[in-house]
Amino acid sequence: MIQVRDISKSFDKLQVLKGIDLSVTPGEIVSIVGPSGAGKTTLLQIIGTLDKPDSGTVDFDGQQPLLMPSRKLAAFRNANIGFVFQFHRLLPEFSLEENVALPALIGGDDRRTAFDKARKLIGYLGLTSRADHRPAELSGGERQRAAVARALVMNPKVILADEPSGSLDSRNKAELHRLFFDLRRDLNQTFIIVTHDENLAADTDRCIKMEDGAITGISTKY
Ligand SMILES: Nc1ncnc2c1ncn2[C@@H]1O[C@H](COP(=O)(O)OP(=O)(O)OP(=O)(O)O)[C@@H](O)[C@H]1O
Ligand SMILES: [Mg+2]
């Protein structure tokens, strides 16, 4: 489904990615681990089409988003890629439900369809009683689950998560990690997750170890 080929990227003279290859199949949960500065976030941003490599290709089911003009690329990203970051990045002036519905509204759904989708996901995540609250009124764990709902609302091919549980305590961490596996079981949702959490990395189907801009190890669960 996703094929990343020979991605290289430099910032000025610093080569941050040195020829990365990675393929991900539907329903797979892949983790990326490695020390700070290894290039994990840079790689995820390139896979997510938020940044461009100096060379190499990113292919989603035969489509090459990095070659698309910017408006088409924005629509492609909205339709196909969900993002979850370390900090929730929900919009503070909107309710949980509005935050979740927003990508669907941007994607062209009418209000009713967008809010129906949002409510369904919020129900799945057990957040219905919190739906009318703004992010500041939610707990850290609730905010990250809301961010997952927002990432899911367009039914994306893949969710890219960059240290999604990095700001959570151990109980909320475990709950969020369980949610990823529930979503794979229930929706065949595909994930690429950058994490410093060894327990999560060990549970994923494939753990990619990066060091100094290169893949230095891959451990497969099965
Ligand atoms: N926009 C940028 N301009 C210049 N250098 C950058 C930029 N973004 C990242 N870098 C550098 O690229 C290298 C890789 O950064 P990246 O954020 O990908 O690392 P990371 O593996 O995600 O680290 P961490 O675990 O700390 O999040 C680092 O040395 C960083 O300072
Ligand atoms: Mg990072």
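The values are calculated or read from the model by the stated rules, or taken from the named source; none is laboratory data. Since we're looking at a predicted model, the values are computed, not measured. Virtual Cβ from ideal backbone geometry, glycine too; neighbours counted across all protein chains shown.
Quick look at the values:
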item	result
Residues that are free of Cβ contacts under 8 Å to residues at least 60 places away in the same chain and among the hydroxyl-bearing types (Ser, Thr, Tyr), drawn from the range 166-178	SER170
Verdict on GLY126 being assigned to a loop (DSSP other than H, G, I, E, B) and either over 19 Å from LEU105 (Cα atoms) or in contact (Cβ under 8 Å) with a residue 40 or more places away in the chain (or both)	yes
Residues that are under 16 Å from GLN3 (Cα atoms) and within 15 Å of ligand 1 (Cβ to nearest atom), drawn from the range 20-44	ILE20, LEU22, SER31, ILE32, LEU43, LEU44
So GLY56, is it within 16 Å of ligand 1 (Cβ to nearest atom) and outside any loop (DSSP other than H, G, I, E, B)	yes
Test: residue in the range 47-64 that is within 16 Å of ligand 2 (Cβ to nearest atom), crowded, with 17+ Cβ neighbours inside 10 Å and under 26 Å from HIS177 (Cβ atoms)	yes
Enumeration of residues in the range 95-132 that are among the basic types (Lys, Arg) and within 21 Å of the chain's Cα centre (by Cα)	LYS117, ARG119, LYS120
Within the range 75-117, tally of residues that are of a type in the set (Val, Ile, Thr) and not in a helix (DSSP H, G or I)	2
Pairs where the first residue, in the range 8-23, is free of Cβ contacts under 8 Å to residues at least 40 places away in the same chain and the second is of a type outside the set (Lys, Arg) and away from ligand 2 (no atom under 16 Å from the Cβ), C-beta under 7 Å, 6+ apart	SER23/ILE2; SER23/GLN3
Selected residue [over 19 Å from the mean Cα position of the chain (by Cα) and closer than 24 Å to LEU200 by Cα] from PRO69, PRO35	PRO35
Filtered residue count, the range 1-46, keeping only those that are of a type in the set (A, V, I, L, M, F, W, C) and either away from ligand 2 (no atom under 13 Å from the Cβ) or part of a loop (DSSP other than H, G, I, E, B) (or both)	12
Matching entry among GLU175, GLU163 (being under 10 Å from the mean Cα position of the chain (by Cα) and surrounded by fewer than 20 Cβ atoms within 10 Å (Cβ to Cβ))	GLU163
Residue count for the range 59-71, restricted to those that are in a loop (DSSP other than H, G, I, E, B) and among the basic types (Lys, Arg)	0
Pair list, Cβ under 8 Å, 6 or more apart: the range 144-165 residue at positive phi and within 16 Å of ligand 2 (Cβ to nearest atom), other residue at pLDDT 95 or above and of a type in the set (Ser, Thr, Tyr)	GLU163/THR195
